[in-house]
Amino acid sequence: MKIINLNVSLAWERVKKDLRKRNFVNASLFYEIVDYHNVEWLRKLKADFEEGTYCPTSMEVVEIPKGKGLVRPGSLLSIEDNIFYASLVQECYLSIFNKIEWAQDEVDFANIPCCPTASSKDWFQDRISNWNRFREKSMSYLDQGYEFVVVTDITGYFENIDVDILSSELKTCNVHPFIIENLRRCLIKWSQIPGKGIPQGNSASDLLAKLYLNTVDQGMRNAGYYYIRYVDDIRIFCKDEIEAKEGLKELIRLLRKRGLNLQSAKTKILHTSIFLEEEIESTQRIINTLTNKFKDELNNMLSLGDPYQVVDEGILTNDETPVEVFKEAFRQHFIKGDESKFDKTLFHFLINNLTKYKQPFAVNHCLSLLEEHPEETEHILKYCTSIDATSILGQRLNYVCEQLLNFINSRAAIYDYQNFQILSWLREYSEFCVSGLLTTCRKIAFDNNKPYYYRFVARDILGREGNSADLEKLEDYISLIHSEIEKAELLFCLRRIEKSRRNAFFGRVASEGPRLKMTVEYIKSSLQ
C-alpha cells in the first residue's frame, strides 16, 4: 500500500521547531547536517515512508529527575523516526481536531491545536496563555459558588497509554489504515512496557495524548460534572463533598478502562477556600504580604523626616514589585525555610524574578540544591547565566564553575541527565575552568557506561579546548564506534586537526556511510 502525499518537508520544519523548544537534549549537530542536505535527504525519506519500507529504530530513554529520588522517562528518537512520526501524525491532524474540538478551551486547556487548514510550523497555540485560561476557568467555577474541588493527576500518563486503545480511537476518526498501522508499528517499537507508551517531549505525541483522553472528557461531561484538565492535571468542581467523592469515583472508572490510574499522593478533595490558598493564590499571597511589609517599613523610614509622607501605591504595582521583596521571600522560604516543604511553584517564581533583576545573592543556596532537587537544575543554571551577563564576572564565575565541577565529580551526581545539563553549561564558560573541565571530560568522553548525549558534550569540549593528545585519542576512538550518527558527530570534534591530516582522515571515513559523507561535506563547507 502506498501513500503519495506525506508532507515530509512540513514534518521536518515542525520537528526542528520542537527540537529547539522542547527536546530533553539540545538538537544534535546532525540536525544541522540534514538541513544542509535537506532536499536530497527528505526526498529519499519520503520515498521510503510512502513505499512502506521504512523501519523505525529503538528509542533511547533519558531518565529525567523529578524530585524525591524519582525519574520520568524522556524520549530520544532518531532523526528519521522523528520525521516519520511527525509525518504520520500530521496526516491525522484534521481528523483528530474534528474529534476533540468540542473540548478545547472548555474542558481541555493544554496544547490547543492551531487551525488545521494552515501549514504552520506550530502544532499548538501559545502554551502560557493556555495555562492562564485554565486558571481563569477554575476561578469562574469558584465564582459560580462551587464549594469543593477534586484536584488530581494521572500516574505516568504518556508511558501508560495503551497502543491498541489509541489505534482504536484513530479508527473512530476515520484515519487511513496505512497511517494507523505505521503509527502502531512505531509505538510498539518504542514501547518500554510492551504495548504501552508514546514518546514524551514532542508535539506529535501531545496531539495523540489529547485524543486518548477525549472519551474520558466526554464521560465526565455526560455525567454532569464541571471537569477541566491541563494535560494530566485534573480538577472537578462540585457543590458538596459527596458530589466530589462521586465525581472522583466516576473519573477513576473511566480512566481504568483506558489502563490509567490517579496518583494517590496528589489526589485531594479541597474546600474552595483551601483550594484557593494552596493551588491558586499561595505565591501571590506571599508576595503581597511581603510587599505590604516593605511598604510599611518604607513608610516608617520616610516618616522620620515627614510624618505625613505615605508611599505612593503607583510605585508598587504587581509588575514592579521591589526586588527586596523577592529576596526576602527567597530568604524566608528557602534559605531559612523548611526543606521538607519545598514549594516548586514559589521557587520558580522567585528565581525567575531574581534572574530578571540579575541578583546574585541566592547563588550559593541554589548550588546547594543540586543534590536534593536535581529537577531544578535547568532553573539554577539559567539563574547563573543571567547573573554572568552583568555582575558575576571573573572570580565569582570561577567559583560557580568550580562548584559545578566539584558536584558532577562527586558521589551525589547520580543522574546522567543532570550531569549532562551541567556539563553543557560549563562548555559555554570553559575559559573560567578549562583545566578542571578537561580532566573531567577525559573521564566521560570514552566511558561507554555513560549515555551517548553526555559523552558527546565531553568530546566536544575536548575537541575545542583539548591538546593534541586529546585530538589523537578522539581520532583513534572513532573506529570503536558502531553508530553512524555518533561517528558523524565525533567528526565535528576533530575540526582542529591539522588540515592535510584532517582531509585524509575525513576522506577515509566518508566512504563508510551516507551520513558520514554528508557530515564531511558539511564540515568542509563550514571551514571554508
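Laid out as a table, the results:
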quantity: Pairs with Cβ under 7 Å, 6+ apart, first in segment 396-420 and more than 15 Å from GLU378 (Cβ to Cβ) and of a type in the set (S, T, N, Q), second buried (at least 16 other Cβ atoms within 10 Å of the Cβ) and modelled with pLDDT of 95 or more; calculated: GLN403/LEU367; ASN409/THR440
quantity: Helices (runs of 4 or more DSSP H) contained entirely in segment 357-443, each with at least 3 residues that are among the aromatic types (Phe, Trp, Tyr); calculated: 416-428
quantity: Qualifying positions in segment 358-386 - surrounded by fewer than 21 Cβ atoms within 10 Å (Cβ to Cβ) and small (Gly, Ala, Ser); calculated: SER368, SER386
quantity: Condition check for SER75: of a type in the set (Gly, Ala, Ser) and either surrounded by fewer than 21 Cβ atoms within 10 Å (Cβ to Cβ) or assigned to a strand (DSSP E or B) (or both); calculated: yes
quantity: Leading residue by the ranking (nearest to the chain's Cα centre (by Cα)) among those in segment 333-348 that are part of a helix (DSSP H, G or I) and surrounded by 13 or more Cβ atoms within 10 Å (Cβ to Cβ); calculated: HIS348
quantity: Complete set of residues in segment 234-259 that are within 18 Å of THR272 (Cβ to Cβ) and either among the hydroxyl-bearing types (Ser, Thr, Tyr) or surrounded by fewer than 18 Cβ atoms within 10 Å (Cβ to Cβ) (or both); calculated: LYS239, ASP240, GLU241, ILE242, LYS245, GLU246
quantity: Helices (runs of 4 or more DSSP H) wholly inside segment 85-190 that include at least 2 residues being under 20 Å from the mean Cα position of the chain (by Cα) and surrounded by fewer than 17 Cβ atoms within 10 Å (Cβ to Cβ); calculated: 127-143
quantity: Some residue of segment 501-518 being β-branched (Val, Ile, Thr) and under 30 Å from TRP425 (Cβ atoms); calculated: no
quantity: Single unsatisfied condition, LEU70 versus (1) touching a residue at least 12 places away in the same chain (Cβ under 8 Å); (2) loosely packed, with under 14 Cβ neighbours inside 10 Å; (3) within 30 Å of ILE228 (Cβ to Cβ); calculated: (1)
quantity: Single residue of THR57, THR53 found to be without any contact (Cβ under 8 Å) to a residue 12 or more places away in the chain and not small (Gly, Ala, Ser); calculated: THR53
quantity: Qualifying positions in segment 195-241 - over 21 Å from the mean Cα position of the chain (by Cα), part of a strand (DSSP E or B) and of a type in the set (A, V, I, L, M, F, W, C); calculated: ILE228, ILE236, PHE237, CYS238
quantity: Residue check for ASP460: charged (D, E, K, R) and in contact with a Cys (Cβ under 6 Å, 6 or more places away or on another chain); calculated: yes
quantity: Per-region count, segment 350-377, residues of a type outside the set (Val, Ile, Thr), at pLDDT 95 or above and under 19 Å from the mean Cα position of the chain (by Cα); calculated: 5
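The values are calculated or read from the model by the stated rules, or taken from the named source; none is laboratory data. These numbers come from a predicted model, not from an experiment. When we count neighbours, we look across all protein chains shown, and the Cβ atoms used for this are built from the backbone with ideal geometry, even at glycine.
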